[in-house]
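Just so it is clear, none of the values below were taken in a lab; they were calculated from the coordinates. Owing to the predicted nature of the structure, the values given are computational and were not obtained by experimental measurement. Virtual Cβ from ideal backbone geometry, glycine too; neighbours counted across all protein chains shown.
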Amino acid sequence: MASEDDEVQLCCLLWANDREAVGLTEYEDRVLALVPEHGGQVVQRALSDGRDGQPHEVQLFRFASQQMLDSYLADPRRASLAAERDRVIKRTEVFPIRFP
């Protein structure tokens with residue numbers, strides 16, 4: 001069973017709203033810059049053209065703990081961009097992963 005102090009590893013899939021792939025990338029550039037301040041690391045970030053229903057962006061993260069992830073999610077600078085996020089992002093899926 002995972003504890004609050006265990007490292008958190010996540011995969012995030014993002015789909016852009018119509019004609020907002022560039023806006024999605026720009027938004028993510030801004031919020032991902034905050035990750036290191038919260039004990040996190042963007043391990044990998046990949047872009048796609050989103051064809052055939054595929055995500056426009058795939059991100060792999062590590063956070064030192066659940067508390068650090070929660071801190072990132074609650075960051076007021078990130079929260080202040082909520083309207084921008086809603087404008088450019090159609091769908092998000094986040095799920096835990098394990099790095100070998």
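Quick notes on this one:
- Database remark: amide H of Ser65 closer than 5 angstrom to the amide H of Val8 (H placed geometrically; neighbours at sequence offset of 5 or more, or on other chains; Pro and chain starts carry no H).
- Neighbour net charge for Glu84 - beta-carbon separation under 9 angstrom, K R +1, D E -1: +1
- Calculated Kirkwood radius over Cα pairs in Å (choose from (i) 14.0; (ii) 16.9; (iii) 14.4), label: (i)
- Helix-only [θ]222 nm of the chain, DSSP H runs n ≥ 4, -39500 (n - 2.57) each, per residue, nearest 500: -8000 deg cm²/dmol
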